Amino acid sequence: MIKENIYTLFVGFRKLGEFKSILEAKKFAQNSNLAGAFNLICEHYRDSWYVFKSEIENDEN
């Protein structure tokens with residue numbers, strides 16, 4: 001039986017949600033208009049990146 005991967009997205013220690021794909025989670029993070037340290041975690045996968053407040057402000061203009 002193949003176990004489906006669930007990717008959990010955090011900004012800081014705040015859980016933003018669980019997703020079935022990396023792409024779905026990263027799109028959610030991009031559209032969240034949140035700044036800070038993002039962490040995407042799964043059983044055999046881990047990714048982290050930082051979004052600065054100035055990056056969000058530039059996207060809104």
### Query
If you scan segment 15-44, which residues turn out to be charged (D, E, K, R), surrounded by fewer than 15 Cβ atoms within 10 Å (Cβ to Cβ) and either closer than 21 Å to Glu57 by Cα or modelled with pLDDT under 95 (or both)?
Lys27, Glu43
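On the given criteria, is Ile56 at pLDDT below 95, open to solvent by 60 Å² or more (accessible area, probe 1.4 Å) and aliphatic (A, V, I, L, M)? Full working, then the answer.
Details: at pLDDT below 95: yes; open to solvent by 60 Å² or more (accessible area, probe 1.4 Å): no; aliphatic (A, V, I, L, M): yes.
Criteria not met by Ile56.
In segment 21-37, is there at least one residue being among the aromatic types (Phe, Trp, Tyr), on the phi < 0 side of the Ramachandran plot and within 9 Å of the chain's Cα centre (by Cα)? Lay out the reasoning, then the answer.
So the first thing to find is which residues in segment 21-37 are among the aromatic types (Phe, Trp, Tyr), and the list is 28.
Now narrow it down to the ones that are on the phi < 0 side of the Ramachandran plot: 28.
From the residues that got through so far, the ones that are within 9 Å of the chain's Cα centre (by Cα) too are 28.
For segment 21-37, residues among the aromatic types (Phe, Trp, Tyr), on the phi < 0 side of the Ramachandran plot and within 9 Å of the chain's Cα centre (by Cα): present.
The values are calculated or read from the model by the stated rules, or taken from the named source; none is laboratory data. This is a predicted model, so every value here is computed, not measured. Note: ideal-geometry Cβ built from the backbone for every residue, glycine included; neighbour counts use all protein chains shown. These area figures cover heavy atoms from the full protein model, side chains too; ligands, DNA and RNA do not enter into them. Shrake-Rupley method; radii C 1.70, N 1.55, O 1.52, S 1.80 Å.
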